[in-house]
Amino acid sequence: MDVKEAILLRRSSRSFNSRHVEWDKVGMILNAARFAPSPGNIQNWNFVVVRDDKKRESIAEACAEQFWMTQARVHIVVCIDEELAEDHYDEKGIAYSMQAVGGVVENMLLEATALGLSSCWVGDFDRQKLSDILGVPPHISPQAVVVIGYSDSAPDAVDKYKLYDLVFLEGWGKRIEDVGMVIKEWTSSKGALNFERDVKEVKRAVASHKEELSEAVKVKTGDIYHRAGSRLKRGIKELGKKLKKK
Ligand SMILES: Cc1cc2nc3c(=O)[nH]c(=O)nc-3n(C[C@H](O)[C@H](O)[C@H](O)COP(=O)(O)O)c2cc1C
């Protein structure tokens with residue numbers, strides 16, 4: 001599986017079967033983690049691998065009672081050394097390390113996906129409880145629990161914002177003039193990012209009557225977050241202005 005496939009295939013799974021995860025696969029996931037970028041290459045991270053049933057249950061409890069986690073055969077707790085971070089970067093150290101954890105965890109999730117495993121990043125936990133369960137010393141802080149296992153079913157697809165909603169060119173708020181042209185390359189991967197279709201949809205909405213326009217916004221945002229609705233409205237307004245000029 002190439003990296004693009006892994007990126008597009010990865011989903012957060014919250015349902016796992018009882019199949020054990022092979023040790024060498026756990027090893028490959030940990031190996032992927034250690035190759036993540038690190039500020040100043042300090043690599044101030046450690047990984048606590050937990051396979052014990054009772055411990056995984058305690059971890060799930062410490063993670064806001066997300067007991068579905070116990071189904072996953074392996075929990076990997078990603079920790080950062082705060083002391084080392086501060087030694088290198090003073091007050092910026094912890095923020096840097098927390099940012100770096102994003103890369104570490106994503107590497108792990110992508111490797112798990114490539115190995116045919118299901119996974120989920122869990123960040124909702126009581127730090128002290130989690131530290132107590134694992135005997136983590138005070139200068140080390142758990143940052144994420146990566147749960148890994150085999151699953152019988154693929155999780156439902158989740159909504160992702162379209163590039164149009166997210167990307168500005170050369171400065172905040174400056175949307176891409178000829179989106180179709182610029183985005184073509186970005187959408188070439190199996191049409192997964194169906195941006196051009198969306199732009200056409202929005203253009204159609206702008207060209208139609210005002211009432212229809214607000215209706216289109218409702219339809220488009222019905223099951224997405226409210227924030228997406230306001231972004232889309234802004235996008236439609238901007239496109240409307242441009243179309244009027246033409
Ligand atoms: C920092 C962070 C913390 C998260 N914490 C949790 C969590 O505690 N429980 C959970 O079920 N999912 C958690 N997730 C997973 C997100 O809910 C999930 O990534 C999001 O719904 C998008 O779905 P996807 O991963 O399938 O793209 C977390 C993700 C991130 C990045």
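Each reported figure results from applying straightforward, stated rules to the coordinates on display, with no laboratory input. Values in this document were obtained by computation on a predicted structure and should not be read as measured data. As a convention, Cβ positions derive from the backbone with ideal geometry for all residues, glycine included, and neighbour counts pool all protein chains shown.
Below, the figures for the structure above:
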| read-out | value |
| --- | --- |
| Full-extension gain in nm, K174 to S153, via 0.36 nm per residue minus C-alpha separation | 3.5 nm |
| Fewest-first sequence of F125, F47 by Cβ atoms within 10 Å of each Cβ | F47, F125 |
| Order of W172, W23, W68, W45 under a 10 Å beta carbon neighbour criterion, fewest first | W172, W23, W68, W45 |
| Set K55/K129; K25/K129; K54/K129; K92/K160; K174/K241; K25/K160 screened for pairs whose C-alpha atoms are more than 22 Å apart | K25/K129; K92/K160; K25/K160 |
| Cβ-Cβ FRET estimate between F35 and K244, R0 fixed at 41 Å, reported to 0.05 | 0.20 |
| Percentage relative contact order, region 3-149, counting C-alpha pairs under 8 Å, at least six apart | 36 |
